[in-house]
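The values are calculated or read from the model by the stated rules, or taken from the named source; none is laboratory data. Bear in mind that the values here come from a model prediction, so they are computed numbers and not experimental data. Glycine also receives a Cβ, built like all others from the backbone with ideal geometry; neighbour counts cover every protein chain displayed. With ligands, DNA and RNA removed, areas are computed over all heavy atoms of the protein, side chains included. Shrake-Rupley method; radii C 1.70, N 1.55, O 1.52, S 1.80 Å.
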Amino acid sequence: MAFGVLASRLHRDYGFGELQGDGRARAKLYISRDHLSALRDELMRDGFGDPCQGDFITEADSRNNFALSRNDEKSGARAVGEELVLCRPLSHWHIDGAATPLPPFEQAGQQVNWRSLLQMGDRLGHTHLVLVENLALMTELTRLKLPECLHNALFLYRGDASADKQTNAAYQCFRAFKGRLPLVYFGDFDPAGLDIGLSSGAEQLLLPAPEQWQTLLSPDWQGIEGPELRWFAQEAQARRLFTSGLPGPLLSALMVMDWHKQTRTQEHLLGHQVPLELVDLS
């Protein structure tokens, strides 16, 4: 394997693998069965559990649990926020048949452990789980022109895909609810938004109502100023989608974008109160 950050730490901390090469750029870490066996023994000795067992992920994983057996609670424990997601209903949490209102201040949601949320099962009285692309929308959800069927949905922020913040937890949470709640993706009305929605595990996309598309994507819609950049930045992505066997409604949406060479963001849909509808991906 390439001698990157992970390989360097494994080799330095556990003597894992055999380093070959005369410079970091060309260095490789070679791994044998004996190396893997020795690493397993070291991980078990350090309180991580057996990586060959299914419960390895949850055993000795939290910082608090790790501190029970180690002086340095941070060195091997999971990142504190690894299983936290930002989630909220429109106005009330529905749990055990009771409606609990959100606090009376603007919020993007509550940070919750997604596994704990999943374990609530039928105690959770919400109708859909909606994965939201942009954080700015999370504080403004009640202003969206949502279909009535989503008025009792849960909304889950997709997460920031910057170098130090990953979307993994949100996607794990979203996909784990498959079969428990209908899964909906809500992103920008552009090729990237369609593409992300298709790969997210969603069963439906939340899009502008189809009868709005021609007007919405007109270059002079609502007097919007400034050049269209998103379509041209995503045009190669759009060409790939055209040949990917898109569901009919998504193909129609992409064709209208292509005709006008225009796209719209979630903020546009919110700010101009564009009616939204669910579109099936099956």
For this session: Tell me which residues, restricted to segment 105-159, are in a strand (DSSP E or B) and either touching a Ser or Thr at 6+ places or on another chain (Cβ under 7 Å) or not hydrophobic (A, V, I, L, M, F, W, C) (or both).
Result: Gln110, Gln111, Asn113, Leu131, Lys145, Tyr157
For this session: Kindly check whether there is at least one residue in segment 149-165 that is open to solvent by 60 Å² or more (accessible area, probe 1.4 Å), under 26 Å from Pro101 (Cα atoms) and not hydrophobic (A, V, I, L, M, F, W, C).
Result: yes
Exercise. How many residues are touching a Pro at 6+ places or on another chain (Cβ under 8 Å) and part of a loop (DSSP other than H, G, I, E, B) when one looks only at segment 179-218?
Worked result: 2
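Here is a yes/no grid of residues against (1) exposed (fewer than 13 other Cβ atoms within 10 Å of the Cβ); (2) under 27 Å from Phe155 (Cα atoms); (3) modelled with pLDDT under 95; (4) not small (Gly, Ala, Ser):
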| residue | (1), (2), (3), (4) |
| --- | --- |
| Phe177 | no, yes, no, yes |
| Leu183 | no, yes, no, yes |
| Gly187 | no, yes, no, no |
| Pro191 | no, yes, no, yes |
| Leu194 | no, yes, no, yes |
| Gly245 | yes, no, yes, no |
| Leu254 | no, yes, no, yes |
| Leu269 | no, yes, no, yes |
| Ser282 | yes, yes, yes, no |
Problem set entry | Qualifying positions in segment 219-231 - in a loop (DSSP other than H, G, I, E, B) and surrounded by 14 or more Cβ atoms within 10 Å (Cβ to Cβ) | Glu228
Exercise. With respect to Asp220, is the statement that it is modelled with pLDDT of 95 or more and farther than 30 Å from Leu124 by Cα true?
Worked result: no
Problem set entry | Which listed residue, of Gln204, Gln212, Gln234, Gln262, is of a type in the set (S, T, N, Q), open to solvent by 40 Å² or more (accessible area, probe 1.4 Å) and either over 29 Å from Gly179 (Cα atoms) or touching a His at 6+ places or on another chain (Cβ under 9 Å) (or both) | Gln212
Problem set entry | Of residues in segment 106-139 being more than 24 Å from Pro191 (Cβ to Cβ) and among the charged types (D, E, K, R), the one least open to solvent (accessible area, probe 1.4 Å) | Arg115
Exercise. Among the residues of segment 71-93, is any part of a helix (DSSP H, G or I), open to solvent by less than 30 Å² (accessible area, probe 1.4 Å) and either within 30 Å of Asp195 (Cα to Cα) or at pLDDT 95 or above (or both)?
Worked result: no
